[in-house]
Number of protein chains: 2
Amino acid sequence: MNKSYDINEFKNPLFTVDSALFTVIGNSLKVLMVKRANEPFLGRWGLPGGFVDVDIDDSTDLTALRKLKEKTSVAPQYLEQLRTFSGINRDPRGFSVTLVYFALVAEQDVSSHIDTVEDAQWVDIKQIADLPVAFDHKHIIEQAKERLQQKALYSMVPVYCLPEYFTVSQLKSVIEAIIGKTIQRKSLIRRIEAAEMFEVLDEKVKSGGRLAQLYKVKPGVDIVNFERNLSV
Amino acid sequence: MNKSYDINEFKNPLFTVDSALFTVIGNSLKVLMVKRANEPFLGRWGLPGGFVDVDIDDSTDLTALRKLKEKTSVAPQYLEQLRTFSGINRDPRGFSVTLVYFALVAEQDVSSHIDTVEDAQWVDIKQIADLPVAFDHKHIIEQAKERLQQKALYSMVPVYCLPEYFTVSQLKSVIEAIIGKTIQRKSLIRRIEAAEMFEVLDEKVKSGGRLAQLYKVKPGVDIVNFERNLSV
DNA sequence: TACGGTTAATGTCTTTGTGACACTTTAAGG
DNA sequence: CCTTAAAGTGTCACAAAGACATTAACCGTA
């Protein structure tokens, strides 16, 4: 390789990868926050993330996954890019760029591990305002929440907040926790059928009334997008 | 500022900002390509872009705008982030990250300037396959095209490929060039009315038949998104 | 000035998918 | 066996797009 292209020829901005990892606990949407162990903003809460390790990470996706695994011990069920945030004032060390991912997990997959670490916690989306948050992460979380809410209206992504086997009622309440409104059970069932991305299991599960049908995501299928939003 | 946070403590990946600038000429969707004047991939065609200049650019948005102005002499009418692409193999210089924007302009705003420069040209989206393209920019353009097509189905972004004053027929043919299918004129008119983002001008313009109504975007309005896609 | 060609705009019936909500089914517990 | 509760179904209303016929307005030409 021609040595005249020095990788440090240009003053590179500070580049980090952060993730907004969401789940639904009870009827509330939660986001994973981590207590910062370093300056800047030491002691405040921020999104899990950090620098790319070019010797380990094949891509920024793997950086995000690696950092999330450090905190949760598992890979999230859903991961996609949100967007990047940049500016000269968002980090005291200078011009910085952060690539933010947004991710979903089922609570039960990670809660046991998170309970054992002191520096990570699920924060209710409504309580972010009161928390001492690092950088512009409050703003980032707001953007990520809006994207998630939008996606919940036209896609099946909320299933990734559920365990492998789930019922219509579970999916309904997860969607409702995300968008903050109730939806029609009938409409959801119609979508489940139209999506053709779920297996109907033989098993049923008790629920206080009639037994509920269990579903699971068909292996290998992609998330389905609909051509129409649920009503707002 | 505490000097213990050395900005070069971590091996930063190579970070660039590129843009996929689209327009519609005739009935074809075109993307702006630039002949590379430097290694790597000298002489091949790539997306306009480059490194952030932390002394000039307040954010990566401004990096994208600055680089586009160098090639077109004007700011695009529409600019938004597509996503980032990263990896260890996409640039021979090492691990690289590129933040890609996708942008729209009216052809007449820039064509005169582009004709005068040798190293930039509008390339028909269908002819990208035959062009010697740098990096993974073929793949990036494909992704940008898909996003643009999707947006054309549920939003009014295609107006940004049109001059200030335009007719329904012009908007219709721009949308059709983008998505590669015909749409119902009636449906488009219904959306124009529902969006409430256009002014109906007194002026009309001749078109070979009945005079066509002129519209313009109301100043200060945001792009309107619909809750339903046009049919595919 | 009348007529045909051409493009713009409207009218309207059909189609599709969601909202609303009543109704039926099936389980648990007394 | 009756009550309660949640699961699941049936059905009509409604909203917005598709399809396509009809009307409107302009131009050139005879």
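Over region B:154-217, Cα pairs under 8 Å with separation of 6+ residues give a relative contact order of 34 percent. Along Cα→Cβ, 7 Å out, is where each label goes; now give me the distance between the ones at A:Asn27 and B:Gln127 in nm to one decimal. Label-label distance for A:Asn27 and B:Gln127, simple model: 6.0 nm.
Output the antiparallel fraction of DSSP beta bridges having both residues in the protein assembly as shown, as a percent to the nearest 5. Walk me through the intermediate numbers first.
Working: 61 of 81 bridges.
In the protein assembly as shown, DSSP labels about 75 percent of beta bridges as antiparallel.
May I ask for the angle, rounded to the nearest 10°, between helix B:60-72 and the longest principal axis of chain B, with both axes built from Cα atoms and the value confined to 0 to 90°? With rounding to tens, the tilt is 70 degrees. Counting only aspartates and glutamates at least 8 places from A:Lys218 when in the same chain, those with an alpha carbon closer than 12 Å to its own are A:Glu164, A:Glu196, A:Glu199.
Largest mean-square fluctuation among B:Gly94, B:Gly43, B:Gly220, in a Gaussian network model of chain B whose springs join Cα atoms under 10 Å apart, belongs to B:Gly220.
Of all beta bridges that DSSP places with both ends in region B:1-129, some 70 percent have antiparallel geometry. So what is the relative contact order for region B:113-207, in percent, with contacts set as C-alpha pairs under 8 Å and at least six apart? Reported relative contact order: 15 percent. Sequence-distant contacts, meaning Cα pairs under 8 Å at least 6 residues apart, place the relative contact order of chain B at 20 percent. Both numbers refer to the Cα atoms of chain B; Rg and Dmax are 19.7, 73 Å. Applying the criteria of a DSSP loop state and at most 11 other Cβ atoms within 10 Å to the GluC sites (Glu not before Pro) of region A:81-147 yields A:Glu118. Label-to-label distances for A:Ser231 across copies, nearest first, come out at 2.4 nm, using points 7 Å from Cα in the beta-carbon direction. Inter-copy label distances for B:Thr116: 6.8 nm (label point placed 7 Å from Cα along Cα→Cβ; shortest first).
Annotation for B:Lys218, label-to-label distances across the other copies: 4.5 nm (shortest first, one decimal, point 7 Å from Cα along Cα→Cβ).
So which GluC sites (Glu not before Pro) in region B:176-216 are both in a DSSP loop and have at most 14 other Cβ atoms within 10 Å of their Cβ?
Sites meeting the loop and neighbour criteria: B:Glu196.
Once the Kirkwood radius over Cα pairs is known for the protein assembly as shown, the Stokes-Einstein relation at 4 °C and 1.567 mPa s delivers a diffusion coefficient of 53 µm²/s. Within chain A, DSSP assigns beta bridges of which about 75% are antiparallel (rounded to the nearest 5).
Just list whichever of B:Lys69/B:Lys145; B:Lys35/B:Lys216; B:Lys71/B:Lys145; A:Lys145/A:Lys172; B:Lys126/B:Lys172 have alpha carbons separated by over 23 Å in the model shown. Check vs 23 Å cut-off fails for B:Lys35/B:Lys216. With a Förster radius of 41 Å applied to the beta-carbon distance between A:Glu199 and A:Arg93, the computed FRET efficiency rounds to 0.25.
Under a Gaussian network description of chain B, with springs only between Cα atoms under 10 Å, the residue in B:Ser73, B:Ser96, B:Ser207 that fluctuates furthest is B:Ser207. The angle between the Cα long axis of helix B:107-116 and the longest principal axis of the Cα atoms of chain B comes to about 50 degrees, rounded to the nearest 10. Taking Cα atoms only, the orientation of helix B:137-154 departs from the longest principal axis of chain B by about 30 degrees.
Note on A:Ala75 and A:Arg190: their simple-model spin labels are 3.7 nm apart, each label 7 Å out from Cα toward Cβ. Counting only DSSP H runs of at least 4 residues, each contributing -39500 (n - 2.57), and dividing by the residue count of chain B, the helix-based mean residue ellipticity at 222 nm comes to -8500 deg cm²/dmol.
No lab work stands behind these numbers, since they all come straight from the coordinates. This is a predicted model, so every value here is computed, not measured. Please note: Cβ atoms are built from the backbone with ideal geometry, for glycine as well, and neighbour counts cover all protein chains shown.
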